[in-house]
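Since the structure comes first, as structure tokens, the remarks are kept for the end.
Where a number appears in this text, it was derived from the coordinates with a stated rule and is not lab data. These numbers were taken from a predicted model, which means no experiment stands behind them. Positions of Cβ are backbone-derived with ideal geometry, glycine not excepted, and every protein chain shown enters the neighbour counts.
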């Protein structure tokens, strides 16, 4: 039997402090609009306060918050901008530090991703969810989540022309099994 999460003012405040910034970042990665991201997260907090979810496991709260916030951000973006999904404000200055070109290439590649691809990146690298939580959020297996993430990272690498260097550079032709553990290949 699932129970509603019990929230008093202190517990709610603790949740906001623990998750607010990561949720705003996640929504921003997905929709590319900081104000829409902030508004979506505020709506998420309001929904949590008024209608706490019925969850069997409290560890499912963070993925629930992410799902609500991302959906709200998408809805706001569709309403407000119709088709404009991602916008990175990058200025190229003459005195830009080395590597700026790489950042611009990555920003351009990010703009070409679908909102679902950006969501996958945000879940993994902003919210730092493991593959099991990502899979549950997306309705796929953990292995499916790892595979999608691996293919997406390969796509981004190809888009920006990334070529690995060093002793592991020749491994690109070897089979690679994606994993949540960066030390395990």
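Taken along the Cα-to-beta-carbon direction at a fixed 7 Å, the label points for residue 60 and residue 128 span 2.4 nm. The label-point distance for residue 158 and residue 34, in a model that sets each label 7 Å from Cα toward Cβ, rounds to 3.4 nm. Model label points for residue 46 and residue 16, set 7 angstrom from Cα along the Cα-to-Cβ axis, are 1.3 nm apart. Ordering 8, 115 from the fewest to the most neighbouring beta carbons within 10 Å gives 8, 115. Computed extension gain for residue 138 through residue 111, at 0.36 nm per residue and net of the alpha carbon distance, reaches 7.6 nm. By other beta-carbon atoms within 10 Å, ranking 43, 59, 131 with the fewest at the front produces 59, 43, 131.
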